[in-house]
Ligand code: PMV
């Protein structure tokens, strides 16, 4: 039977997390590590999923029950993406996922797997979905599950490169960015994005003025970073990272482990450093001169942080 494999990159947010949920822009880059999804059409009308990275081995249910009943959280994004993409449940689907990055890193594995499933179904059923249409189905899928989120990770997985992004895909602008001396340190702590978004909302429940003030400052940082990226001014980018980090601390989403990794990076000579993503764990990023890169990496390693080597600006979704 017909079979197709699609891959999409993970992501790393450079500037503007959290504010992007409230309509401000952010900058996100696609990373070299990819998610791969193969889908084979089956004659029996069964939905089958094997996703070894999240310990799902041959999960099965009738196609007619897609989206119904108790769905394990590791299956939720794939199953909901199928439900939202194809109306006809005449053929069965055997889906296999394979990730080049751990779902613990915060590289956006749920979004990457969602866009891969939608793209693969579009190819198999000749739906001819455009990138924007894939974005819309994927965003609907993620919102249906998480209830909130900006969709920047979905855009990175689909379009690749480095993007200036506004919530729900209102703006998806490709930035011309070369390689840069970026260091990524994994804290070893898994963060829960939804919990952190709720934490920000709760903290500023009675103080909308302060929240808006912080978000307006983040917006200026993002716009300045867009400019500095185009001129490859790493020193300015570092300063902007530090400012962004201060505001993320005000939002209450940084944690001591990330703080110490960030401070150690700066002491080792980085131009700037900040957390990347929701906070509460996952990764931090730093930018330095080429000369100081090794020292910054060693400073992170000395704190039991893990260095994640990757390329940025990776290619978006593609059929393999
Ligand atoms: O935790 P991550 O890497 O998925 O990043 C979350 C970033 C937020 O701005 C907090 C949420 C979002 O959907 O934009």
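Read-outs: derived from the displayed coordinates by stated rules, not from any lab. Keep in mind that this is a model prediction, so the values were computed, not measured. Note that we place each Cβ from the backbone using ideal geometry, even for glycine, and neighbour counts take in every protein chain shown.
Note on residue 208 and residue 259: with the Förster distance fixed at 30 Å, the Cβ-Cβ geometry gives a FRET efficiency of about 0.70. Between the stretch 119-153 and the stretch 13-57, the alpha-carbon centres lie 10 Å apart. Entry note, the chain: the mean residue ellipticity at 222 nm calculated from DSSP H runs of n ≥ 4, each adding -39500 (n - 2.57), is -13000 deg cm²/dmol after division by the residues and rounding to the nearest 500. Sorted fewest first by neighbouring Cβ atoms within 10 angstrom, 43, 65 come out as 43, 65.
Remark: the Cα gyration tensor places the stretch 1-90 in the prolate category, a/c being 1.5 or greater and a/b exceeding b/c.
Note on 218, 307: ascending count of other Cβ atoms within 10 Å places them as 307, 218, the fewest first. Residues of the stretch 143-181 with an amide N closer than 11 Å to a point placed 7 Å from the Cα of residue 232 along the Cα-to-Cβ direction: 177-181.
Classify the chain as rounded, prolate or oblate, taking a ≥ b ≥ c as the square roots of the eigenvalues of its Cα gyration tensor: rounded when a/c is under 1.5, otherwise prolate if a/b is larger than b/c and oblate if not. In terms of gyration-tensor shape, prolate. You can think of it this way: the chain between residue 306 and residue 246 has 19.3 nm of extra reach, that is 0.36 nm per residue less the Cα-Cα gap. Quote to one decimal, in nm, the extra length available between residue 43 and residue 194 on full extension: 0.36 nm per residue of separation minus the C-alpha distance between them. Length gained between residue 43 and residue 194: 50.5 nm.
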